[in-house]
């Protein structure tokens, strides 16, 4: 069982986007549509649930999501850290593995199938192939490992953002770290702490998803075309 806890806000819905780092074609609707399409095509669709955690009230985005039939829990945290804390608490209440997801990620059609399989095998995964993992020099030292799962290679990786999937047994053990570190927004520190406890993060090669923020998007994939086509899907 995989529970997707999708955390969204009513911000950045304007087109074109005004936030620095967003490509001109960025669209939260397209991001959600790509997730929806990937879930609908997943081999494990019947074993996957998606709950939307909407901070800040109703918006054009939640109206669109509601039209697709997904349950929405509205919260009034009005902050990234506040909604993150609620997302962590909700993860304690659902069964099975959990995919913590932010609202600015695009997913390929086979993303959910591969993430479902990989998290069961590896315990801690991200579909995001961080371009900076190949260039930065301040990563902690870790043994490079590459494995196969589904249609991807998966490599050991130092850290990722607040979007990742984690197996239930690891999640139960990780709550103290998540409550004390992750809930403060220190995602890189969280994964460094995971590493200290021998919880190894694995990322897909090439990526199955991307954080839509330039210049850090997963390489070798035409995310612009995916976004523009996803925007028109539903």
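Of the residues making up the stretch 87-116, those that are over 14 Å from the mean Cα position of the chain (by Cα) and not in a helix (DSSP H, G or I) number 7.
Within the stretch 152-164, identify whether any single residue is closer than 19 Å to residue 52 by Cβ, buried (at least 20 other Cβ atoms within 10 Å of the Cβ) and touching a strand residue (DSSP E or B) at 6+ places or on another chain (Cβ under 7 Å), and answer yes or no. Yes: one or more hits. When we screen 103, 139, 110 for residues that are at pLDDT below 95 and in contact with a helix residue (DSSP H, G or I) (Cβ under 9 Å, 6 or more places away or on another chain), the only hit is 139. Which of the residues that make up the stretch 198-215 are touching a helix residue (DSSP H, G or I) at 6+ places or on another chain (Cβ under 8 Å) and more than 13 Å from residue 104 (Cα to Cα)? Correct list: 199, 200, 201, 202, 203, 204, 208, 215.
Select from the stretch 71-92 the residues that are free of Cβ contacts under 8 Å to residues at least 40 places away in the same chain and surrounded by 14 or more Cβ atoms within 10 Å (Cβ to Cβ) and list them in ascending order.
Passing the criteria: 72, 75, 77, 82, 86.
Could you list, in sequence order, all residues of the stretch 175-212 that are at pLDDT below 95, under 18 Å from the mean Cα position of the chain (by Cα) and either buried (at least 21 other Cβ atoms within 10 Å of the Cβ) or on the phi > 0 side of the Ramachandran plot (or both)? Hits for the stretch 175-212 are 178, 182, 185, 190, 191, 194. No other residue among 125, 119 is in a strand (DSSP E or B) and in contact with a strand residue (DSSP E or B) (Cβ under 6 Å, 6 or more places away or on another chain) apart from 125.
The values are calculated or read from the model by the stated rules, or taken from the named source; none is laboratory data. Since this is a predicted model, take the numbers as computed values, not measurements. Note that we place each Cβ from the backbone using ideal geometry, even for glycine, and neighbour counts take in every protein chain shown.
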